[in-house]
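What follows is one structure encoded as structure tokens, with my remarks underneath.
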2 protein chains.
Amino acid sequence: MNIGQAAKASGVSGKMIRYYEDVGLIPRISRTDSGYRDFSEKDVHILRFISRARSLGFSVEQMYNLLALWQDRNRASSDVKAVALAHIDELDSKIKKLQDMRETLLHLANHCHGDHRPDCPILGDLAAEAQELEDQRAGQELPEP
Amino acid sequence: MNIGQAAKASGVSGKMIRYYEDVGLIPRISRTDSGYRDFSEKDVHILRFISRARSLGFSVEQMYNLLALWQDRNRASSDVKAVALAHIDELDSKIKKLQDMRETLLHLANHCHGDHRPDCPILGDLAAEAQELEDQRAGQELPEP
DNA sequence: TCTTGACCTTCCAACAATGGGAAGCTTTAC
DNA sequence: GTAAAGCTTCCCATTGTTGGAAGGTCAAGA
């Protein structure tokens, strides 16, 4: 099977297959006499594994681990679980960071009248101009007991 | 004010200040006779704006817009709001993507016993091996009424 | 058999945003 | 006057991915 077919069958682009081979994530693919890569079913299987792992956000670095565990018949499932949980932690902190941004921005946007006038708390906040005014305004709108 | 002081005052690293100047996000900074950058208060103000915008996840591309609007005294706040809302949409889709990953992974991790045995649904799912077996097992562990 | 188009090969560049470091000049502090 | 700290530019690395150029190969049709 050549690289185009392997790409279609695995969901990994030809470019990325060459890259993964280059960085050693996948083993060297055997070649035909003319130098074309010749993929076995096993190769495609590995690529499909990678495709799924990528779609779950695992980095190439983490995939080294996962692939090694996958191919180790004596692995402990606790090792696999540890990789997964570590990745969940990473996802959690990314999600939190984005959510914080989102909330701040939404708050600002909600206080922007969004009309033809130039006055806008979003820019005001970014410029940190009239910070007290900002605080006052927020205080009036969200009074704390 | 030299670049080190401007960096401290704005929260943007010296490296990034040079980069932003290079790509035209900020205007050329004036120079002393010896070639050192010499930052005005206004320059620092702009840098602080950028620092805050970055912390809200705006890209350099979006900051071009925001800076232009900031400096346009005839802007319409609706234009600013539009940029903010567009960015919120981006954040939302990133968050959703990460949350989907997180959920899938957590589901798999929850079904992994995490002990010394090699059997693990996380690898099973990535390998897409014995998908029916997987489904059966999930069915046994989480019986649906 | 020759041609053509669709594939494959390698290598190089680019993206976005940031950090690291080298070589060399300037300023500051002692 | 010297040494340290800080500045300058320039190049490189990162992560994962795509694009393209130059050139070889394969398969189908004339």
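So the values come out like this:
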{"item": "Count of segment A:27-36 residues which are within 12 Å of DNA strand D (Cβ to nearest atom) and not polar (S, T, N, Q)", "result": "4"}
{"item": "Residue that is farthest from residue B:123 (Cα to Cα), among those in segment A:34-48 that are more than 12 Å from DNA strand C (Cβ to nearest atom) and not hydroxyl-bearing (Ser, Thr, Tyr)", "result": "A:41"}
{"item": "Residue in segment A:72-82 that is buried (at least 19 other Cβ atoms within 10 Å of the Cβ), within 16 Å of DNA strand C (Cβ to nearest atom) and in a helix (DSSP H, G or I) present", "result": "no"}
{"item": "Total residues in segment B:24-42, condition surrounded by fewer than 10 Cβ atoms within 10 Å (Cβ to Cβ) and of a type in the set (Val, Ile, Thr)", "result": "1"}
{"item": "Among (1) surrounded by 17 or more Cβ atoms within 10 Å (Cβ to Cβ); (2) within 12 Å of DNA strand D (Cβ to nearest atom) - the single one residue B:58 does not satisfy", "result": "(2)"}
{"item": "Of all residues in segment A:1-25 being within 14 Å of another protein chain (Cβ to nearest Cβ) and more than 12 Å from DNA strand D (Cβ to nearest atom), the one that is farthest from residue B:127 (Cα to Cα)", "result": "A:9"}
{"item": "Which numbered condition residue A:18 misses (of (1) assigned to a helix (DSSP H, G or I); (2) open to solvent by less than 40 Å² (accessible area, probe 1.4 Å))", "result": "(2)"}
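The values are calculated or read from the model by the stated rules, or taken from the named source; none is laboratory data. Keep in mind the model is a prediction, meaning the values are calculated, not measured. Ideal geometry is used to build each Cβ from the backbone, glycine not excepted, and the neighbour counts take in all protein chains shown. SASA here: full protein model, heavy atoms, side chains in, ligands and nucleic acids out. Shrake-Rupley method; radii C 1.70, N 1.55, O 1.52, S 1.80 Å.
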